Amino acid sequence: MSSPESTNAPAGTGANVEDQLRGGSTNTVPNDSRRLRAVPENATAGDVTALRAEMQVAALRVDDWPPYGSPAWLRLDPKDPRAYAATLEAAELHRRADAERRRLDWLMDNDPVEWWREITADANAYAGRQGHVIAARRTAEEIRTARDNANNRPPHQLRATAGWPPVAVPGQPGRYLTPGQESTA
């Protein structure tokens, strides 16, 4: 193996460079001037991953990029930092969706009541906002009853009104009702 100083390895002490070349874990870049952000003790791997993705996008110094897989993204040069930012965003969205799916699967197996409450929360909230609209609508039974009653109405009682001409009695040609007469129809 060639000496560490003759390779393209990062600068540092010889022992650190050799450790890095063998896949070691020592830091070969001096960390005197940079302060690392402290990670809270209760942070999950997902929290750290999200932070890393945000830091990588910030390091690219891009503010906007086309959605991953879109025609605009496909037209980007592969070396364009916006292409990498879109890829990071897509990976992070996928990671979050997958984590949420696994969480809901675990919840369904271990606490079905809470699982049901969570997956129906949006529908319940929507129904709560639409309650007055839904309550004003007729139910299927009410519509069916109204339709049945429309076809089975009692016969209309003919009455002649004073000041109006006589009323012709349906089905009895030549017979008319005048005010004061009862209908026999």
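The values are calculated or read from the model by the stated rules, or taken from the named source; none is laboratory data. Since the model is a prediction, treat every value here as computed from it, not as a measurement. Heads up: the accessible areas ignore ligands, DNA and RNA and are worked out on the full protein's heavy atoms, side chains in. Shrake-Rupley method; radii C 1.70, N 1.55, O 1.52, S 1.80 Å.
For ARG153 and GLU118 in one chain, what is 0.36 nm times their gap in residues minus the Cα-Cα distance, to one decimal in nm?
Gain on extension, ARG153 to GLU118, equals 7.7 nm.
Measuring from centroid to centroid over Cα atoms, what is the spacing of segment 62-87 and segment 114-157 in Å?
Taking the Cα centre of segment 114-157 as reference, the centre of segment 62-87 is 49 Å away.
Which percent of the accessible area of segment 46-128 is formed by carbon and sulfur heavy atoms (probe 1.4 angstrom)?
After summing per-atom areas, the C and S share lands at 58 percent.
Considering only protein heavy atoms, what is the solvent-accessible area of GLU114 at a probe of 1.4 Å, reported in Å² to the nearest 10?
Surface open to solvent at GLU114 totals about 50 Å².
Return the carbon/sulfur percentage of the accessible area of segment 133-175, one whole number, probe 1.4 Å, all protein chains in place.
Percent of accessible area from carbon and sulfur atoms in segment 133-175: 55.
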